[in-house]
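Participant: What follows is a single structure, and I will ask about it in a moment.
The values are calculated or read from the model by the stated rules, or taken from the named source; none is laboratory data. Keep in mind that this is a model prediction, so the values were computed, not measured. Every residue, glycine as well, gets a Cβ built from its backbone with ideal geometry; the counts of neighbours run over all protein chains shown.
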Amino acid sequence: MRDDGDPSKRSFLCVGKRVMKSCLVVDDSSVVRKVARRILEDLDYIVDEAEDGQEAFDKCRQEMPDAILLDWQMPVMGGLEFLKLLRAYVGGGAPRVVYMVTEYDVGQIALGLKAGASDYMMKPFDRDILEKMFLGQQLRASA
């Protein structure tokens, strides 16, 4: 399905009475993408992957995901630049963006939040952390 940015034109996969949400995992590490994919799919997300911000932005222009798990540092286009482009794009304000950082740098985190990140988390992460970030969001969205 193509998404021209209009949230009302988004389609969702329904399984039983559950609506499955989509998440784009953006990280230059294939290991991080694979781990995140497995956990998010267990949480009933439909997962797509991108290796850098440019690939992620191209995918968002084709179909805007419900959520984005976004790395800070990547080749080609980093997370901060991607986030600014995303939020300026038609429909780019809709996805929940979780910004991943590797060190607790208050300035780096503040830049991400100012650019439009919904939340942030530290890498490395585990199942419990992703569940808190994404399962809690699903429960709030369905309430």
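Participant: With the requirement that a residue be closer than 20 Å to Met133 by Cα and either among the hydroxyl-bearing types (Ser, Thr, Tyr) or without any contact (Cβ under 8 Å) to a residue 24 or more places away in the chain (or both), what does the range 44-91 give you?
Facilitator: Scanning the range 44-91 gives a single hit, Tyr45.
Participant: Among the numbered criteria (1) surrounded by 15 or more Cβ atoms within 10 Å (Cβ to Cβ); (2) within 15 Å of Asp27 (Cα to Cα), which single criterion is violated by Val76?
Facilitator: Checking Val76 against (1) surrounded by 15 or more Cβ atoms within 10 Å (Cβ to Cβ); (2) within 15 Å of Asp27 (Cα to Cα), the one that fails is (1).
Participant: While we're on this one: Exactly one condition in (1) surrounded by 15 or more Cβ atoms within 10 Å (Cβ to Cβ); (2) closer than 24 Å to Arg127 by Cβ; (3) modelled with pLDDT under 95 is false for Gly5; which is it?
Facilitator: Only one criterion is unmet by Gly5, namely (2).
Participant: Looking at (1) touching a Leu at 6+ places or on another chain (Cβ under 6 Å); (2) surrounded by fewer than 22 Cβ atoms within 10 Å (Cβ to Cβ); (3) not in a strand (DSSP E or B), which one does Asp48 not meet, given that it meets all the others?
Facilitator: The one condition Asp48 does not meet is (3).
Participant: If I ask for residues that are charged (D, E, K, R) and under 14 Å from Val25 (Cα atoms), which ones from the range 79-110 would you list? Can you show your working first?
Facilitator: In the first step, residues of the range 79-110 are kept if they are charged (D, E, K, R); the result is 81, 84, 87, 96, 103, 105.
Listed by number, the list holds a single entry, Arg96.
Participant: Restricting attention to the range 92-114, and to residues there that are assigned to a helix (DSSP H, G or I) and in contact with a helix residue (DSSP H, G or I) (Cβ under 8 Å, 6 or more places away or on another chain), which single residue is nearest to Glu131 (Cα to Cα)?
Facilitator: Start the filter on the range 92-114 by keeping residues that are assigned to a helix (DSSP H, G or I), which leaves 106-114.
Among the residues that remain, those that are also in contact with a helix residue (DSSP H, G or I) (Cβ under 8 Å, 6 or more places away or on another chain) are: 111-112.
Working: Leu111: 24, Gly112: 21 Å.
Filtering first and then ranking leaves Gly112.
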